Amino acid sequence: MHNELFSIGPFTVYGYGLMTALGIISAYLTATYRSKKLGLDPERIFGLVIFCAVFGYASSKALYCITILPKILEDPSSFLTLATGWVVYGGIIGGIFGGWLYCRIKKIDFIAYFDMAIPSVALAQGFGRIGCFLAGCCYGLETDCPISITFTHSEFAPNNVSLIPTQLYSSAFDFALAFFLMFLAKKTRKKGVIAAAYLVAYSTGRFVIEFFRGDLIRGSVGALSTSQFIAVFMIAAGVILLIFSIKKADALAVDADAAAGADGRDNEPDCGDDAHEG
């Protein structure tokens with residue numbers, strides 16, 4: 001694979017950057033379209049995307065620096081190469097915080113916009129992983145399996161070695177997750193359920209695929225990779241959010257039924273003794 005796709009004059013178009021841009025654009029367009037369907041303000045989507053992107057990329061870079069901190073301390077000059085390093089989970093965490101901050105500033109319902117936007121995030125991640133494939137980063141372990149990829153010009157993956165195409169598996173999973181969440185959103189109106197489903201499903205899939213990754217530079221926590229370690233907490237957060245969302249929705253439903261019953265009793269005609277006098 002070649003990360004350098006083509007050049008226009010002095011400008012070179014890279015596969016990773018192109019796929020990242022397509023991911024952000026697809027996220028913006030699908031979120032805008034779905035916000036109208038869900039009765040949310042489409043005018044808020046551009047600002048939401050900007051906040052999520054800025055905080056997401058900043059957090060992604062910061063977490064990458066943390067994972068290679070021993071290397072930076074050992075060789076400070078390695079800090080100059082940080083332009084190529086990112087950690088997806090840092091982007092997710094930072095993006096969620098950026099979305100929360102934007103909703104807080106605009107005084108709009110964060111959970112409602114979280115539910116609406118998160119399928120678009122998964123869609124963007126699908127494009128992003130294709131970018132990883134073109135660049136050769138996030139590569140898999142060596143394999144003898146017929147389904148493999150051999151890089152010849154990668155700056156990241158070992159060249160001329162058959163590797164598990166973890167980037168393509170991740171991309172397919174992210175695309176499938178995006179469409180599943182959109183389908184699920186049509187089946188439930190309980191706030192928080194879609195966001196919780198993303199946290200649990202994505203983190204579970206990421207936990208599994210980490211076993212097949214070959215880029216060990218990303219660090220580890222005990223027997224787990226850094227991403228697997230974070231995934232455990234993300235799954236727990238998703239389960240807690242799911243339980244809370246369902247309980248809150250059920251409580252609101254009970255309150256609504258009680259209010260409807262009370263209104264019905266208030267509107268009943270007075271059938272006391274005076275009504276029968278004549």
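Model label points for ASP75 and THR12, set 7 angstrom from Cα along the Cα-to-Cβ axis, are 2.1 nm apart. Relative to the longest principal axis of the Cα atoms of the chain, the long axis of helix 45-67 lies at roughly 50 degrees. With a 1.4 Å probe rolled over the protein heavy atoms of all chains, the accessible area of TYR64, TYR169 falls in the order TYR169, TYR64, largest first.
Summing charges over neighbours of PHE46, with a neighbour being any other residue whose Cβ is under 15 Å away from its Cβ, gives +2 when K and R count +1 and D and E count -1. Sorted largest first by accessible area at a 1.4 angstrom probe radius, with every protein chain in place, the residues MET19, MET116 fall in the order MET19, MET116. Among (i) 21.8; (ii) 14.6; (iii) 20.4, which is the computed mean projected area of the Cα convex hull in nm²? Matching the structure shown: (i). A viscosity of 0.890 mPa s and a temperature of 25 °C, combined with the Kirkwood radius over Cα pairs in Stokes-Einstein, give a translational diffusion coefficient for segment 121-161 of 221 µm²/s. Segment 11-52 and segment 92-164 have Cα centres lying 15 Å from one another. Along the chain, counting only trypsin sites (Lys or Arg not before Pro) with a DSSP assignment other than H, G, I, E or B and at most 15 other Cβ atoms inside a 10 Å radius, the longest segment between sites is 1-106.
Once the C-beta distance of ALA251 and ILE108 is scaled by a Förster radius of 30 Å, the resulting FRET efficiency is 0.85 to the nearest 0.05. With a simple spin-label model that places each label point 7 Å from the Cα along the Cα-to-Cβ direction, the separation between ILE50 and CYS145 comes to 4.3 nm. The heavy atoms of TRP100 offer some 100 square angstrom of accessible surface to a 1.4 angstrom probe. Per-residue extension of 0.36 nm, minus the Cα-Cα distance of PHE244 and GLU43, leaves a gain of 69.4 nm for this segment. If you bin all the Cα-Cα distances of segment 90-166 at 5 Å, starting from zero, the percentages per bin are 3, 14, 18, 15, 11, 10, 9, 8, 6, 4, 1.
Pairs of lysines in the chain whose Cα atoms sit within less than 20 Å of one another amount to 21, provided the residues are eight or more positions apart or on different chains.
The values are calculated or read from the model by the stated rules, or taken from the named source; none is laboratory data. A quick note: this is a predicted structure, and the numbers were derived from the prediction, not measured. Cβ sites come from the backbone with ideal geometry, for glycine too, and all protein chains shown count toward neighbours. Each accessible area value is taken on the protein alone, full model and side chains, heavy atoms only, with ligands, DNA and RNA left out. Shrake-Rupley method; radii C 1.70, N 1.55, O 1.52, S 1.80 Å.
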